[in-house]
Amino acid sequence: MKSLYIHIPFCNRICTYCDFTKVLIKNQPVDDYIDALIMEMKTLEHKDFKTVYVGGGTPTALSEAQLERLLGFISENFTVSGEYTFEANPDEVTTGKLDLLKNYGVNRVSLGVQSFNDDILKVLNRSHDFNDIFRSIDHLEKIGLSNYSMDLMYNLPGETFNDIDTSLKYVEELKPKHISWYSLIIEPHTVFYNEIKKGRLKIDDDNKEAEKYIHVMDGLQALGYPQYEISNFAERKYESEHNKTYWRNDNYYGVGAGAHGYINNERYYNVKPVPHYIKSMNENHSAVKETILLSETEKIEEEMFLGLRMTEGVSKKRFRDKYGVGMDEYYKDELSFLKDKKWIKDDGRHIALTDSGRMVGNEVFIAFLKSS
């Protein structure tokens, strides 16, 4: 056990595309939630972590007093020897909150930029604008929290290739240590989903989306950002160690409303609604809604489709060490089929996606499913 994820479900505004566990912070029992969160963290068996990631929602929606209470508990009860990340919105990154983060040992910030186009930001219902992005980054640099990741999105409504080029220009100017650049996914029960269903909103088709993805990859490569995962780009020393915990199918804790974790071959999921989470922790000292014991087949499947997200792919040695069987033997026919399609490559040590395989990633992942 080397990683801990902490979920803060509160936001000052709900984005039109978001399907994460979140609620508007106004009139919410935030202090009661932090009480319950601390109660859940006290139940964790392990106290020493290589990575801690505080996500949401929007963790920086908390007040300075609430932030300090959460940060203080983490500092007093856990040891974080490596990467300690906080998600943040550009308009909420005040000097007071940033000072708290730094003083309590946070050494990495994930900044939710999404776009540099104010019109697109309004469509996304983001709470920040173009100027907030630069102001927040200026704050980060001034206090020495320069290890920040910039989250961006492509294939957005009304977005053009010029918008992507503009984002690339600002990436070159600002020089963030890490870039996460995701395609917009239209999730059910979001505003975007309903607007598209009613014909009020349009996004590009799959072919144009693929063109934009290639444009993003080529643009970041030219700026010196190697791609190490389908949507993530950084030099080796700035890769997200916490997210690699997920992609390498390692154990991790997840605490908070709607959080999930993976411990000893079991995936668990917490209850989502904030009042239910608080009630469950107060009454049962647990918020776990469901626990799923994975079969050996399911563990192997996850090893493949999670690991193949990374540019380096899945290690054959690691596969054999974990599962006692060679990948070439276990997936003989599947690997042969995917190699013939030129969707995967094999350097003798790793199986990885090719450039064309990355374009049809889901088809590749499905090929490794034996349990369905």
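What area, in nm² and to one decimal, does the C-alpha convex hull of the range 62-118 cast on average over all directions?
4.4 nm²
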Short to long, in 10 Å steps from zero, the percent of alpha-carbon pairs of the range 315-365 per bin is 26, 53, 21, 0
Once amide hydrogens are built 1.01 Å from N within the peptide plane, the residues lying 5 or more places from E229 or on another chain with amide H under 5 Å from its amide H are T311
Expressed as a percent, the accessible surface of the range 252-372 that is carbon or sulfur, using a 1.4 Å probe and the full set of protein chains, is 49 percent
Amide H contacts under 5 Å for F86, restricted to residues at least 5 apart in sequence or on another chain and with H modeled in the peptide plane, are V54, R108, V109, S110
So the compactness index of the range 258-372, its C-alpha Rg divided by 2.2 N^0.38 Å, takes the value 1.34
Expected field for E64, accessible surface area in Å² at 1.4 Å probe radius, rounded to 10, holds 90 Å²
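Roughly speaking, what % of Cα-Cα pairs in the range 1-138 are separated by over 19 Å, rounded to a whole number? Mind showing how you got there, number by number?
Working: 4798 of 9453 pairs.
Above the 19 Å cut-off, the range 1-138 has 51 percent of its Cα pairs.
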Sorted by chain and number, the residues with a modelled amide H under 5 Å from that of Y154, at a separation of 5 or more or across chains, are Y182, S183, L184
Carbon and sulfur atoms account, in whole percent of the 1.4 Å probe accessible area of the range 1-132, for 44 percent
Mean accessible area per residue over the range 100-210 (1.4 angstrom probe, all protein chains present, square angstrom) is 48 Å²
When all Cα-Cα pair distances of the range 135-271 are considered, the percent exceeding 26 Å is 41 percent
quick note, the range 103-248, DSSP beta bridge pairs, % antiparallel (nearest 5) is 30 percent
At q = 0.06, 0.08, 0.09 1/Å the base-10 log of I(q)/I(0) from the Debye formula over the alpha-carbon atoms of the chain is -0.23, -0.42, -0.55
Sorting I351, I185 on solvent-accessible surface, 1.4 Å probe, most exposed first, gives I185, I351
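The values are calculated or read from the model by the stated rules, or taken from the named source; none is laboratory data. Note that the structure is a prediction, hence the values are computed from the model and not measured. Areas reflect the complete protein model, heavy atoms only, side chains present, ligands, DNA and RNA absent. Shrake-Rupley method; radii C 1.70, N 1.55, O 1.52, S 1.80 Å.
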